[in-house]
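K.L.:
Take a look at the following structure, please.
The values are calculated or read from the model by the stated rules, or taken from the named source; none is laboratory data. Because the structure is a prediction, the values reported are computed rather than measured. FYI the Cβ positions are ideal-geometry reconstructions off the backbone, even for glycines, and counts take in every protein chain you see.
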Amino acid sequence: MRALAAIACLAGCFGEGPTPSAPSEATILFALELQPLHQDNCRSASYIGNVAVGSDAAYAITHTFLPACSGGNGNPEEQLPSSVFAFGKRGGPRMKIGDAGMSQEGGGSKPRVAAFGTEAVWMYTEPAGSAIQVRSKSGSIGGSFQPSPGFSVPTTILVDANATYVAGAPPPAGPWNPNAPRYPCCGTSNTNGGYGFFQLTNASSTSATAMPGTPPRFFGEQMREAMVANSTTLFYVQHAMPGATIHSQPKNGSAGEQLGMIAGQPAGLAADDVHVVWSTTLDFTTSSPGRDFCSITSTTTAAPRTETLLLSTSKFSCLDLALDGSFVYFTIVEMFAGESDDLVRNVGIGRVSIDTRELETIALGISSPQAGPRQLFVDDDGLIVVAPFVVARIAKTALDGHQDIAK
(Lines give C-alpha, C1' and ligand atoms only; values in the text may rest on other atoms or scores of the structure.)
Protein backbone atom coordinates (compact mmCIF):
# COMPACT_ATOMS: atom_id res chain seq x y z
CA MET A 1 0.00 0.00 0.00
CA ARG A 2 2.87 2.40 0.73
CA ALA A 3 4.21 1.96 -2.80
CA LEU A 4 0.78 2.53 -4.32
CA ALA A 5 0.27 5.63 -2.21
CA ALA A 6 3.64 7.00 -3.35
CA ILE A 7 2.72 6.46 -6.98
CA ALA A 8 -0.65 8.16 -6.55
CA CYS A 9 0.99 11.07 -4.75
CA LEU A 10 3.53 11.53 -7.51
CA ALA A 11 0.78 11.84 -10.08
CA GLY A 12 -0.87 14.52 -7.97
CA CYS A 13 2.22 16.28 -6.66
CA PHE A 14 3.77 16.72 -10.10
CA GLY A 15 0.40 17.52 -11.65
CA GLU A 16 -0.79 20.44 -13.70
CA GLY A 17 -1.46 22.96 -10.93
CA PRO A 18 0.99 25.82 -10.33
CA THR A 19 1.66 24.77 -6.75
CA PRO A 20 2.24 21.09 -5.87
CA SER A 21 -0.06 19.69 -3.23
CA ALA A 22 1.33 18.45 0.08
CA PRO A 23 2.67 14.91 -0.45
CA SER A 24 2.11 11.90 1.79
CA GLU A 25 4.58 9.28 0.56
CA ALA A 26 6.45 11.40 -1.99
CA THR A 27 8.11 14.54 -0.66
CA ILE A 28 8.42 17.71 -2.70
CA LEU A 29 11.93 19.05 -2.06
CA PHE A 30 12.07 22.05 -4.37
CA ALA A 31 9.59 23.66 -6.76
CA LEU A 32 9.30 26.56 -9.16
CA GLU A 33 5.99 27.82 -10.45
CA LEU A 34 4.72 25.39 -13.07
CA GLN A 35 4.88 27.25 -16.39
CA PRO A 36 2.70 26.63 -19.47
CA LEU A 37 4.26 25.33 -22.66
CA HIS A 38 2.14 27.68 -24.76
CA GLN A 39 1.19 31.25 -23.91
CA ASP A 40 0.10 34.58 -25.40
CA ASN A 41 2.67 37.03 -24.07
CA CYS A 42 5.84 35.49 -25.59
CA ARG A 43 7.92 35.95 -22.41
CA SER A 44 10.65 33.68 -21.16
CA ALA A 45 10.45 31.82 -17.85
CA SER A 46 12.75 29.88 -15.51
CA TYR A 47 13.02 26.12 -15.08
CA ILE A 48 15.26 23.72 -13.16
CA GLY A 49 18.23 23.28 -15.45
CA ASN A 50 20.70 21.32 -13.33
CA VAL A 51 20.63 19.51 -9.96
CA ALA A 52 23.44 18.11 -7.80
CA VAL A 53 23.25 16.04 -4.61
CA GLY A 54 25.74 16.39 -1.77
CA SER A 55 26.06 14.69 1.61
CA ASP A 56 23.98 17.21 3.57
CA ALA A 57 21.88 19.00 0.92
CA ALA A 58 20.90 19.10 -2.73
CA TYR A 59 21.26 22.02 -5.12
CA ALA A 60 19.31 23.34 -8.11
CA ILE A 61 20.32 25.95 -10.67
CA THR A 62 17.78 27.70 -12.88
CA HIS A 63 17.87 28.06 -16.67
CA THR A 64 15.66 29.98 -19.11
CA PHE A 65 13.17 28.74 -21.70
CA LEU A 66 10.69 30.37 -24.05
CA PRO A 67 7.17 28.91 -24.27
CA ALA A 68 5.54 28.63 -27.68
CA CYS A 69 3.72 31.88 -28.43
CA SER A 70 0.41 32.87 -29.98
CA GLY A 71 0.74 35.60 -32.60
CA GLY A 72 4.51 35.84 -32.47
CA ASN A 73 7.79 34.00 -32.21
CA GLY A 74 9.02 35.57 -29.00
CA ASN A 75 12.63 36.47 -28.28
CA PRO A 76 14.93 33.48 -27.62
CA GLU A 77 17.66 35.92 -26.58
CA GLU A 78 15.63 37.37 -23.70
CA GLN A 79 17.81 37.00 -20.60
CA LEU A 80 16.75 36.00 -17.11
CA PRO A 81 18.95 35.72 -14.03
CA SER A 82 20.06 32.20 -13.07
CA SER A 83 20.13 31.38 -9.37
CA VAL A 84 21.56 28.56 -7.26
CA PHE A 85 19.39 27.12 -4.47
CA ALA A 86 20.15 24.69 -1.66
CA PHE A 87 17.38 22.47 -0.25
CA GLY A 88 17.01 19.52 2.08
CA LYS A 89 17.24 16.00 0.68
CA ARG A 90 14.32 14.90 2.84
CA GLY A 91 12.35 18.13 2.90
CA GLY A 92 12.63 21.46 4.62
CA PRO A 93 13.19 25.06 3.54
CA ARG A 94 15.09 26.07 0.45
CA MET A 95 17.64 28.89 0.37
CA LYS A 96 19.24 30.84 -2.44
CA ILE A 97 23.02 30.54 -2.07
CA GLY A 98 24.28 32.37 -5.14
CA ASP A 99 23.85 33.89 -8.57
CA ALA A 100 24.91 32.26 -11.84
CA GLY A 101 24.79 35.10 -14.34
CA MET A 102 22.13 35.56 -16.99
CA SER A 103 20.79 32.83 -19.25
CA GLN A 104 18.64 32.66 -22.35
CA GLU A 105 17.04 29.94 -24.43
CA GLY A 106 18.88 30.78 -27.64
CA GLY A 107 22.43 29.54 -27.08
CA GLY A 108 24.67 31.34 -24.63
CA SER A 109 25.66 30.24 -21.15
CA LYS A 110 24.13 27.16 -19.54
CA PRO A 111 25.23 27.31 -15.90
CA ARG A 112 26.09 24.07 -14.10
CA VAL A 113 26.31 23.01 -10.45
CA ALA A 114 28.16 20.10 -8.81
CA ALA A 115 28.39 18.85 -5.23
CA PHE A 116 30.74 16.81 -3.06
CA GLY A 117 30.32 16.33 0.67
CA THR A 118 29.06 19.64 2.06
CA GLU A 119 30.47 21.72 -0.80
CA ALA A 120 28.73 22.92 -3.98
CA VAL A 121 30.50 24.50 -6.97
CA TRP A 122 28.87 26.23 -9.92
CA MET A 123 30.07 27.75 -13.18
CA TYR A 124 28.62 30.12 -15.73
CA THR A 125 29.56 32.49 -18.55
CA GLU A 126 27.90 35.83 -19.02
CA PRO A 127 26.28 36.07 -22.50
CA ALA A 128 28.75 38.77 -23.55
CA GLY A 129 31.70 37.28 -21.70
CA SER A 130 34.31 34.66 -22.45
CA ALA A 131 35.89 33.63 -19.14
CA ILE A 132 34.06 30.96 -17.17
CA GLN A 133 33.18 32.15 -13.67
CA VAL A 134 33.64 29.73 -10.77
CA ARG A 135 31.77 30.10 -7.46
CA SER A 136 31.17 27.86 -4.46
CA LYS A 137 28.89 27.55 -1.46
CA SER A 138 31.69 28.02 1.07
CA GLY A 139 33.61 30.62 -0.94
CA SER A 140 36.74 28.45 -0.73
CA ILE A 141 36.61 27.64 -4.48
CA GLY A 142 36.28 30.58 -6.85
CA GLY A 143 37.72 32.77 -9.56
CA SER A 144 37.58 32.38 -13.32
CA PHE A 145 39.44 30.68 -16.12
CA GLN A 146 39.78 31.16 -19.85
CA PRO A 147 38.65 28.12 -21.83
CA SER A 148 40.14 26.90 -25.09
CA PRO A 149 38.94 28.58 -28.32
CA GLY A 150 35.36 27.70 -29.21
CA PHE A 151 34.56 26.18 -25.81
CA SER A 152 32.30 28.35 -23.69
CA VAL A 153 29.83 25.91 -22.11
CA PRO A 154 30.68 23.47 -19.31
CA THR A 155 28.62 20.38 -20.16
CA THR A 156 29.66 18.71 -16.90
CA ILE A 157 31.48 19.78 -13.76
CA LEU A 158 32.56 17.30 -11.10
CA VAL A 159 34.14 18.09 -7.75
CA ASP A 160 35.87 15.93 -5.14
CA ALA A 161 38.02 16.65 -2.10
CA ASN A 162 41.08 17.39 -4.25
CA ALA A 163 40.00 19.08 -7.49
CA THR A 164 37.20 20.16 -9.81
CA TYR A 165 36.94 18.67 -13.30
CA VAL A 166 35.31 20.37 -16.28
CA ALA A 167 34.09 18.91 -19.58
CA GLY A 168 33.38 21.68 -22.07
CA ALA A 169 31.83 21.97 -25.52
CA PRO A 170 30.79 24.59 -28.07
CA PRO A 171 27.77 26.69 -27.11
CA PRO A 172 24.58 24.83 -28.03
CA ALA A 173 22.63 26.05 -31.04
CA GLY A 174 19.49 24.09 -30.17
CA PRO A 175 18.17 21.43 -27.78
CA TRP A 176 20.72 20.52 -25.15
CA ASN A 177 19.26 20.06 -21.70
CA PRO A 178 16.73 17.20 -21.52
CA ASN A 179 15.17 18.84 -18.48
CA ALA A 180 14.04 21.84 -20.56
CA PRO A 181 10.20 21.94 -20.53
CA ARG A 182 9.91 22.00 -24.34
CA TYR A 183 12.67 19.47 -25.00
CA PRO A 184 13.52 18.53 -27.72
CA CYS A 185 12.30 21.77 -29.30
CA CYS A 186 13.87 23.75 -30.99
CA GLY A 187 16.59 23.64 -33.64
CA THR A 188 19.65 21.40 -33.75
CA SER A 189 22.53 20.87 -31.35
CA ASN A 190 26.01 22.19 -32.13
CA THR A 191 28.93 19.76 -32.35
CA ASN A 192 31.23 22.04 -34.35
CA GLY A 193 33.85 24.08 -32.56
CA GLY A 194 36.24 23.70 -29.68
CA TYR A 195 36.04 21.30 -26.76
CA GLY A 196 37.85 21.50 -23.44
CA PHE A 197 38.89 19.15 -20.64
CA PHE A 198 40.26 20.87 -17.51
CA GLN A 199 41.24 20.22 -13.92
CA LEU A 200 40.83 23.13 -11.50
CA THR A 201 42.44 23.63 -8.13
CA ASN A 202 40.02 23.76 -5.21
CA ALA A 203 41.16 27.21 -4.11
CA SER A 204 39.63 30.65 -3.64
CA SER A 205 41.69 31.85 -6.62
CA THR A 206 41.40 28.78 -8.80
CA SER A 207 43.69 27.89 -11.68
CA ALA A 208 42.93 25.54 -14.57
CA THR A 209 45.17 22.90 -16.10
CA ALA A 210 44.27 21.07 -19.30
CA MET A 211 43.91 17.31 -18.93
CA PRO A 212 46.40 15.35 -21.06
CA GLY A 213 45.79 14.71 -24.74
CA THR A 214 43.33 16.15 -27.24
CA PRO A 215 40.09 17.24 -25.56
CA PRO A 216 37.31 14.72 -26.21
CA ARG A 217 34.31 15.77 -28.29
CA PHE A 218 32.04 15.38 -25.27
CA PHE A 219 28.56 14.02 -25.90
CA GLY A 220 26.27 16.21 -23.83
CA GLU A 221 23.10 16.16 -25.92
CA GLN A 222 20.10 14.65 -24.09
CA MET A 223 22.38 13.42 -21.27
CA ARG A 224 22.27 14.86 -17.77
CA GLU A 225 26.06 14.49 -17.62
CA ALA A 226 28.61 13.86 -20.36
CA MET A 227 31.10 12.76 -17.69
CA VAL A 228 30.86 10.93 -14.34
CA ALA A 229 33.41 9.71 -11.80
CA ASN A 230 34.20 7.15 -9.15
CA SER A 231 36.85 7.56 -6.46
CA THR A 232 39.83 7.34 -8.84
CA THR A 233 38.63 7.73 -12.44
CA LEU A 234 36.61 9.93 -14.76
CA PHE A 235 34.39 8.29 -17.38
CA TYR A 236 33.00 10.14 -20.38
CA VAL A 237 31.10 9.69 -23.63
CA GLN A 238 32.26 11.38 -26.81
CA HIS A 239 30.99 11.76 -30.36
CA ALA A 240 32.14 9.18 -32.89
CA MET A 241 31.16 8.33 -36.44
CA PRO A 242 28.77 6.65 -36.13
CA GLY A 243 27.40 6.66 -32.59
CA ALA A 244 29.66 7.34 -29.63
CA THR A 245 32.51 5.86 -27.61
CA ILE A 246 32.98 5.57 -23.85
CA HIS A 247 36.34 6.20 -22.21
CA SER A 248 38.11 6.27 -18.86
CA GLN A 249 40.54 8.94 -17.66
CA PRO A 250 42.33 8.44 -14.32
CA LYS A 251 42.16 11.56 -12.16
CA ASN A 252 45.93 11.43 -11.64
CA GLY A 253 46.46 12.28 -15.31
CA SER A 254 47.83 8.91 -16.40
CA ALA A 255 46.73 7.45 -19.73
CA GLY A 256 43.08 6.59 -20.15
CA GLU A 257 41.52 4.05 -22.47
CA GLN A 258 38.45 3.39 -24.56
CA LEU A 259 36.01 1.09 -22.78
CA GLY A 260 33.78 0.40 -25.74
CA MET A 261 31.56 1.56 -28.56
CA ILE A 262 28.02 2.83 -28.03
CA ALA A 263 25.75 1.94 -30.94
CA GLY A 264 22.87 4.37 -30.71
CA GLN A 265 22.06 7.66 -29.06
CA PRO A 266 23.53 7.91 -25.52
CA ALA A 267 21.04 8.90 -22.84
CA GLY A 268 22.50 8.18 -19.40
CA LEU A 269 25.88 7.47 -17.77
CA ALA A 270 26.83 6.45 -14.23
CA ALA A 271 29.77 4.81 -12.45
CA ASP A 272 30.99 3.55 -9.10
CA ASP A 273 34.15 1.69 -8.12
CA VAL A 274 32.82 -1.60 -9.52
CA HIS A 275 30.66 -0.80 -12.57
CA VAL A 276 30.13 1.70 -15.35
CA VAL A 277 26.62 1.74 -16.85
CA TRP A 278 25.09 3.61 -19.78
CA SER A 279 21.84 3.77 -21.68
CA THR A 280 20.88 4.45 -25.28
CA THR A 281 17.54 5.58 -26.63
CA LEU A 282 15.96 7.55 -29.48
CA ASP A 283 17.57 10.63 -30.89
CA PHE A 284 14.74 12.90 -29.74
CA THR A 285 16.18 15.88 -31.61
CA THR A 286 15.46 14.43 -35.06
CA SER A 287 12.21 15.23 -36.84
CA SER A 288 11.18 11.55 -36.82
CA PRO A 289 12.85 9.83 -33.87
CA GLY A 290 11.25 6.46 -34.72
CA ARG A 291 9.87 3.73 -32.49
CA ASP A 292 10.45 3.71 -28.76
CA PHE A 293 13.72 2.11 -27.73
CA CYS A 294 15.83 1.76 -24.59
CA SER A 295 18.94 -0.27 -23.86
CA ILE A 296 21.06 -0.36 -20.70
CA THR A 297 24.56 -1.84 -20.60
CA SER A 298 27.07 -2.37 -17.81
CA THR A 299 30.76 -3.13 -17.72
CA THR A 300 33.18 -3.73 -14.89
CA THR A 301 35.80 -1.12 -14.05
CA ALA A 302 38.47 -3.77 -13.43
CA ALA A 303 40.11 -5.69 -16.26
CA PRO A 304 39.31 -8.02 -17.85
CA ARG A 305 36.07 -6.10 -18.31
CA THR A 306 32.78 -7.93 -18.63
CA GLU A 307 30.19 -6.05 -20.71
CA THR A 308 26.58 -7.09 -20.10
CA LEU A 309 23.40 -5.99 -21.85
CA LEU A 310 20.96 -5.53 -18.96
CA LEU A 311 17.94 -4.31 -20.91
CA SER A 312 16.89 -3.94 -24.54
CA THR A 313 13.30 -3.04 -25.36
CA SER A 314 11.17 -1.35 -27.98
CA LYS A 315 8.26 -0.96 -25.53
CA PHE A 316 9.48 2.34 -24.10
CA SER A 317 12.25 4.93 -24.30
CA CYS A 318 14.48 6.17 -21.48
CA LEU A 319 16.64 9.09 -20.44
CA ASP A 320 18.71 9.49 -17.29
CA LEU A 321 19.99 6.66 -15.10
CA ALA A 322 21.64 6.24 -11.70
CA LEU A 323 23.72 3.39 -10.28
CA ASP A 324 23.02 1.95 -6.84
CA GLY A 325 25.22 -1.06 -6.10
CA SER A 326 23.77 -3.91 -8.14
CA PHE A 327 20.77 -1.92 -9.42
CA VAL A 328 20.36 0.66 -12.18
CA TYR A 329 17.46 3.13 -11.85
CA PHE A 330 16.24 5.08 -14.88
CA THR A 331 13.49 7.38 -16.13
CA ILE A 332 11.01 6.02 -18.68
CA VAL A 333 9.79 8.52 -21.29
CA GLU A 334 7.89 8.78 -24.55
CA MET A 335 7.35 11.29 -27.35
CA PHE A 336 4.13 13.27 -26.98
CA ALA A 337 2.36 15.33 -29.66
CA GLY A 338 1.97 18.66 -27.87
CA GLU A 339 -0.01 21.73 -28.83
CA SER A 340 2.80 23.16 -30.94
CA ASP A 341 5.75 20.75 -30.61
CA ASP A 342 6.54 17.09 -30.28
CA LEU A 343 7.67 16.83 -26.65
CA VAL A 344 9.26 14.33 -24.31
CA ARG A 345 7.15 13.38 -21.29
CA ASN A 346 7.62 10.97 -18.41
CA VAL A 347 5.89 7.60 -18.33
CA GLY A 348 7.45 6.15 -15.19
CA ILE A 349 10.58 4.97 -13.41
CA GLY A 350 12.39 1.67 -13.84
CA ARG A 351 14.97 -0.44 -12.05
CA VAL A 352 17.01 -3.31 -13.49
CA SER A 353 19.31 -5.67 -11.59
CA ILE A 354 22.89 -6.03 -12.79
CA ASP A 355 23.04 -9.52 -11.27
CA THR A 356 19.74 -11.01 -12.50
CA ARG A 357 18.54 -8.50 -15.18
CA GLU A 358 15.15 -8.48 -13.44
CA LEU A 359 13.16 -5.39 -14.42
CA GLU A 360 10.76 -3.50 -12.14
CA THR A 361 8.77 -0.45 -13.29
CA ILE A 362 6.18 1.97 -11.96
CA ALA A 363 3.87 4.16 -14.03
CA LEU A 364 3.54 7.64 -12.55
CA GLY A 365 0.37 8.67 -14.37
CA ILE A 366 1.57 12.22 -15.10
CA SER A 367 -0.20 13.73 -18.09
CA SER A 368 1.52 17.11 -18.44
CA PRO A 369 4.76 16.73 -20.41
CA GLN A 370 6.48 19.51 -18.43
CA ALA A 371 5.48 17.99 -15.08
CA GLY A 372 7.09 14.53 -15.08
CA PRO A 373 10.63 13.69 -13.92
CA ARG A 374 13.34 13.27 -16.57
CA GLN A 375 16.37 12.85 -14.30
CA LEU A 376 17.07 11.01 -11.06
CA PHE A 377 19.64 10.47 -8.32
CA VAL A 378 20.04 7.75 -5.69
CA ASP A 379 20.29 8.96 -2.09
CA ASP A 380 20.40 6.34 0.67
CA ASP A 381 16.94 4.72 0.78
CA GLY A 382 15.37 7.13 -1.69
CA LEU A 383 15.33 8.42 -5.23
CA ILE A 384 15.54 12.14 -5.90
CA VAL A 385 13.67 12.72 -9.15
CA VAL A 386 13.92 15.92 -11.20
CA ALA A 387 11.23 17.41 -13.42
CA PRO A 388 11.45 20.78 -15.20
CA PHE A 389 9.76 22.58 -12.28
CA VAL A 390 9.81 20.12 -9.35
CA VAL A 391 12.34 18.01 -7.44
CA ALA A 392 10.85 15.26 -5.26
CA ARG A 393 11.90 12.27 -3.20
CA ILE A 394 10.34 8.82 -3.29
CA ALA A 395 11.36 5.61 -1.58
CA LYS A 396 13.19 2.95 -3.55
CA THR A 397 10.64 0.51 -2.19
CA ALA A 398 7.99 2.15 -4.39
CA LEU A 399 9.28 -0.07 -7.19
CA ASP A 400 9.29 -3.33 -5.21
CA GLY A 401 7.54 -6.06 -7.21
CA HIS A 402 5.97 -3.62 -9.71
CA GLN A 403 5.94 -4.28 -13.45
CA ASP A 404 3.51 -1.57 -14.54
CA ILE A 405 5.37 -1.00 -17.82
CA ALA A 406 6.31 -4.17 -19.66
CA LYS A 407 9.56 -4.44 -21.59
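K.L.:
Looking only at the stretch 313-341, filter to residues that are in contact (Cβ under 8 Å) with a residue 24 or more places away in the chain, among the hydroxyl-bearing types (Ser, Thr, Tyr) and surrounded by fewer than 22 Cβ atoms within 10 Å (Cβ to Cβ); which one of those is farthest from Gly382 (Cα to Cα)?
P.N.:
Ser340
K.L.:
Next up: If you check every pair at least six apart or on different chains, which have Cβ atoms under 6 Å apart with a residue in the stretch 254-273 that is in a strand (DSSP E or B) first and a residue that is charged (D, E, K, R) second?
P.N.:
Filtered contacts from the stretch 254-273: Gln265/Asp283; Gly268/Asp320.
K.L.:
Restricting to the stretch 204-228, give me the number of residues that are surrounded by 22 or more Cβ atoms within 10 Å (Cβ to Cβ) and more than 20 Å from Phe284 (Cα to Cα).
P.N.:
So the answer is 3.
K.L.:
Right, next: Using the structure shown, decide if Gly74 is out of contact with any Asp or Glu (no Cβ under 6 Å at 6 or more places or on another chain), at pLDDT below 95 and surrounded by fewer than 16 Cβ atoms within 10 Å (Cβ to Cβ). Break it down into steps so the answer makes sense when it comes.
P.N.:
On the way: out of contact with any Asp or Glu (no Cβ under 6 Å at 6 or more places or on another chain): yes; at pLDDT below 95: yes; surrounded by fewer than 16 Cβ atoms within 10 Å (Cβ to Cβ): no.
Judged against the criteria, Gly74 is not a match.
K.L.:
Looking only at the stretch 353-363, filter to residues that are out of contact with any Ser or Thr (no Cβ under 6 Å at 6 or more places or on another chain) and acidic (Asp, Glu); which one of those is surrounded by the most Cβ atoms within 10 Å (Cβ to Cβ)?
P.N.:
The residue in question is Glu360.
K.L.:
Name, by its number, the condition in (1) of a type in the set (Gly, Ala, Ser); (2) surrounded by 22 or more Cβ atoms within 10 Å (Cβ to Cβ); (3) farther than 21 Å from Phe284 by Cβ that does not hold for Gly350.
P.N.:
(3)
K.L.:
Of the residues Thr155, Thr164, which single one is at pLDDT 95 or above and crowded, with 16+ Cβ neighbours inside 10 Å? Before you say what the answer is, go through the steps one by one.
P.N.:
Values: Thr155 fails: at pLDDT 95 or above.
So the residue among Thr155, Thr164 that is at pLDDT 95 or above and crowded, with 16+ Cβ neighbours inside 10 Å is Thr164.
K.L.:
To continue, here is another question. Looking only at the stretch 298-307, decide whether some residue is in a loop (DSSP other than H, G, I, E, B) and at pLDDT 95 or above. I'd like the intermediate steps shown before the answer.
P.N.:
Within the stretch 298-307, the first condition is being in a loop (DSSP other than H, G, I, E, B), and the residues that meet it are 301-307.
Going one step further and asking which of them are at pLDDT 95 or above, we end up with none.
The answer is no, given that none of the residues of the stretch 298-307 is in a loop (DSSP other than H, G, I, E, B) and at pLDDT 95 or above.
K.L.:
Something else about it: Could you check the stretch 300-312 and list, in sequence order, the residues that are under 19 Å from Gly264 (Cβ atoms), loosely packed, with under 12 Cβ neighbours inside 10 Å and either among the hydrophobic types (A, V, I, L, M, F, W, C) or without any contact (Cβ under 8 Å) to a residue 40 or more places away in the chain (or both)? Please lay out each step first, then the result.
P.N.:
First pass over the stretch 300-312, keeping only residues under 19 Å from Gly264 (Cβ atoms): 307-312.
If we keep only those that are loosely packed, with under 12 Cβ neighbours inside 10 Å as well, we get 307, 309.
The one that is under 19 Å from Gly264 (Cβ atoms), loosely packed, with under 12 Cβ neighbours inside 10 Å and either among the hydrophobic types (A, V, I, L, M, F, W, C) or without any contact (Cβ under 8 Å) to a residue 40 or more places away in the chain (or both): Leu309.
K.L.:
Evaluate the following for Thr188: is it at pLDDT 95 or above and more than 16 Å from the chain's Cα centre (by Cα)? Steps first, answer last, please.
P.N.:
Values: at pLDDT 95 or above: no; more than 16 Å from the chain's Cα centre (by Cα): yes.
Here the answer is no, as Thr188 does not meet what is asked.
K.L.:
Taking the stretch 305-330, which residues are hydrophobic (A, V, I, L, M, F, W, C) and under 16 Å from Val53 (Cβ atoms)?
P.N.:
Taking the stretch 305-330 and keeping what is hydrophobic (A, V, I, L, M, F, W, C), we get 309-311, 316, 318-319, 321-323, 327-328, 330.
Result: Leu321, Ala322, Leu323.
K.L.:
If you check Gly372 against the conditions, is it under 15 Å from the mean Cα position of the chain (by Cα), part of a loop (DSSP other than H, G, I, E, B) and either in contact (Cβ under 8 Å) with a residue 60 or more places away in the chain or within 20 Å of Val274 (Cα to Cα) (or both)?
P.N.:
Spelling it out, Gly372 is indeed under 15 Å from the mean Cα position of the chain (by Cα), part of a loop (DSSP other than H, G, I, E, B) and either in contact (Cβ under 8 Å) with a residue 60 or more places away in the chain or within 20 Å of Val274 (Cα to Cα) (or both).
K.L.:
Whether any residue in the stretch 241-252 is touching a Leu at 6+ places or on another chain (Cβ under 7 Å) and of a type in the set (Lys, Arg) is what I want to check.
P.N.:
We begin by selecting, within the stretch 241-252, every residue touching a Leu at 6+ places or on another chain (Cβ under 7 Å); these are 246-249, 251.
Checking which are of a type in the set (Lys, Arg) leaves us with 251.
Yes, the stretch 241-252 contains a residue that is touching a Leu at 6+ places or on another chain (Cβ under 7 Å) and of a type in the set (Lys, Arg).
K.L.:
Sticking with this structure for a sec: Could you check, for the stretch 364-382, whether at least one of its residues is more than 19 Å from Ala58 (Cβ to Cβ) and surrounded by fewer than 19 Cβ atoms within 10 Å (Cβ to Cβ)?
P.N.:
So far as the stretch 364-382 goes, yes, one or more of its residues are more than 19 Å from Ala58 (Cβ to Cβ) and surrounded by fewer than 19 Cβ atoms within 10 Å (Cβ to Cβ).
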